[in-house]
1. Any residue in the range 328-335 that is in contact with a Lys or Arg (Cβ under 7 Å, 6 or more places away or on another chain), part of a strand (DSSP E or B) and under 28 Å from residue 153 (Cβ atoms)?
2. Please go through the range 50-69 and pick out each residue that is within 22 Å of residue 155 (Cα to Cα) and either surrounded by 21 or more Cβ atoms within 10 Å (Cβ to Cβ) or at pLDDT 95 or above (or both).
3. If you go through the range 336-356, how many residues are in a loop (DSSP other than H, G, I, E, B) and either without any contact (Cβ under 8 Å) to a residue 40 or more places away in the chain or more than 30 Å from residue 139 (Cα to Cα) (or both)?
4. Please verify whether the range 246-261 includes one or more residues that are at negative phi, among the hydrophobic types (A, V, I, L, M, F, W, C) and touching a Ser or Thr at 6+ places or on another chain (Cβ under 7 Å).
5. Can you tell me which of 388, 369, 416, 359 is modelled with pLDDT of 80 or more, surrounded by 15 or more Cβ atoms within 10 Å (Cβ to Cβ), touching a His at 6+ places or on another chain (Cβ under 8 Å) and part of a helix (DSSP H, G or I)?
6. In the range 82-92, how many are in contact with a strand residue (DSSP E or B) (Cβ under 8 Å, 6 or more places away or on another chain) and not in a helix (DSSP H, G or I)?
7. For the range 93-111, check the following and say yes or no: at least one residue is part of a loop (DSSP other than H, G, I, E, B) and hydrophobic (A, V, I, L, M, F, W, C).
8. Residues that are in the same structural domain as residue 345 (by TED's automatic domain parsing): find the strands (runs of 3 or more DSSP E) completely inside the range 137-249 holding 2 or more of those.
Amino acid sequence: MRFNFWLIMHIHILGICGTFMGGIAVIAKQAGFRVTGCDANVYPPMSTQLEAQGIELIQGFGVEQLELKPDVFVIGNVVTRSNPLMEEILNRGLPYISGPQWLAEQVLQDKWVLAVAGTHGKTTTTSMLAWILEYAGLAPGFLIGGIPENFGLSARLPGAPRQEPSGKSPFFVIEADEYDTAFFDKRSKFVHYHPRTAILNNLEFDHADIFPDLQAIETQFHHLVRTVPGQGLIVANGREQSMDRVLQRGCWTPVERFGGDSGWGIGATYDDGFEVLLNGKSQGRLRWEMLGTHNQLNALAALAAARHVGVAVETGIAALAEFKNVKRRMEVRGVENGVTVYDDFAHHPTAIRTTVDGLRRKVGSARILAVLEPRSNTMKLGTMKQQLPDSLTDADRVFCFGANLGWDAADALAPLGDKAASFDNLDTLVEAVCAAAQPGDHVLVMSNGGFGGVHGKLLQRLKP
């Protein structure tokens with residue numbers, strides 16, 4: 001639907017509490033719009049971020065919200081046909097637009113966009129890249145699917161660069177999701193962004209609710225590749241055959257690889273970091289507290305992308321030494337009675353395996369109690385249930401919240417034997433975890449949702 005953007009002063013966002021749409025809300029507020037929004041389920045950290053920004057939030061999708069009379073409704077992909085508010089918007093012929101298209105037309109048109117795509121690590125890598133540019137004084141805008149600790153918010157407009165205090169930064173860093181745009185636009189979100197610098201981090205089958213197979217996702221990634229200009233740069237994971245297949249379908253842009261036999265590589269590794277290599281030559285030693293090879297690869301990708309916009313590698317390494325990660329990425333929520341409780345966003349089997357492995361490397365032989373909620377659409381469908389046992393083998397105990405699944409969690413976890421148990425009641429799960437926990441244990445909670453506030457319940461129950 002066409003309308004005059006210059007006359008828009010009030011937007012109402014449907015599905016505002018998703019990480020992407022919440023970021024849209026923050027950016028629109030900063031740009032001077034009146035922003036209101038609604039959603040069915042509200043939980044931190046996005047709900048608290050919206051409150052801090054003074055954004056009016058309405059629970060549910062009631063048709064009475066039409067009385068707000070916004071200039072345009074911005075529609076999140078959580079909204080489907082039969083949604084009562086959406087149906088009335090359609091019936092009355094009111095103006096609406098998807099979040100990615102709104103962002104592209106209102107914010108990204110004249111920007112040097114740096115987009116980070118991939119099945120895993122998007123949020124962390126995007127946060128790293130935004131922080132490197134910030135550290136270098138470039139004051140980028142960004143939209144990230146989480147809240148980086150270095151910034152304290154998930155999105156903002158570009159600011160004034162250190163080198164040009166009276167100007168505005170041309171750079172915008174965005175987490176580029178392959179999930180579909182909206183019920184009326186089934187393209188992946190990232191085709192709207194038209195990046196000049198694109199990171200292709202990794203690619204596995206996911207989002208089984210909208211993609212039939214891996215090849216379908218590879219096609220969407222190739223659509224993204226087709227939008228990157230010849231004078232741009234693609235930074236691609238050199239360990240991923242799926243990325244090779246994507247690029248072999250056609251590429252018109254220079255490519256730098258990381259993690260493979262050429263390009264950006266991991267040199268000597270230490271307890272506090274690793275040596276950064278470029279074409280076999282050391283670029284410096286990165287000292288940090290991040291865990292796992294996956295984060296080393298994320299760092300290489302961020303360093304390569306930052307160099308493309310003029311940030312020296314040594315500056316990028318210095319920035320990453322001060323990187324503080326993202327909320328809900330191995331975030332310590334508290335310690336009670338000698339038991340440490342973590343929160344992590346992991347929900348795909350590969351991410352679960354990587355997260356458990358990272359914690360294992362940190363805690364050594366200490367016990368890890370994994371607490372899992374298979375909540376994503378892919379996991380609810382049971383598409384990857386057979387991969388779960390292998391992803392959890394490094395945990396000493398596994399507690400799965402199996403309510404509202406279309407498959408039997410206990411049966412899926414049976415290969416783990418007595419160390420795994422499934423629960424349909426959250427309070428019963430909490431009691432079981434706390435009964436098993438001992439001083440010195442590490443309780444790793446993994447979910448892409450609020451998980452019923454299980455972290456607080458565990459910490460309260462663990463108090464002596």
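1. No; the residues of the range 328-335 include none that is in contact with a Lys or Arg (Cβ under 7 Å, 6 or more places away or on another chain), part of a strand (DSSP E or B) and under 28 Å from residue 153 (Cβ atoms).
2. 50
3. Count: 4.
4. Taking every residue of the range 246-261 in turn, none turns out to be at negative phi, among the hydrophobic types (A, V, I, L, M, F, W, C) and touching a Ser or Thr at 6+ places or on another chain (Cβ under 7 Å).
5. The conditions single out 359.
6. 1
7. Checking the range 93-111: at least one residue is part of a loop (DSSP other than H, G, I, E, B) and hydrophobic (A, V, I, L, M, F, W, C).
8. The strands (runs of 3 or more DSSP E) meeting that bar number zero.
The values are calculated or read from the model by the stated rules, or taken from the named source; none is laboratory data. Since the model is a prediction, treat every value here as computed from it, not as a measurement. With ideal geometry, Cβ positions are generated from the backbone for all residues, glycine too; neighbour counts draw on all protein chains shown.
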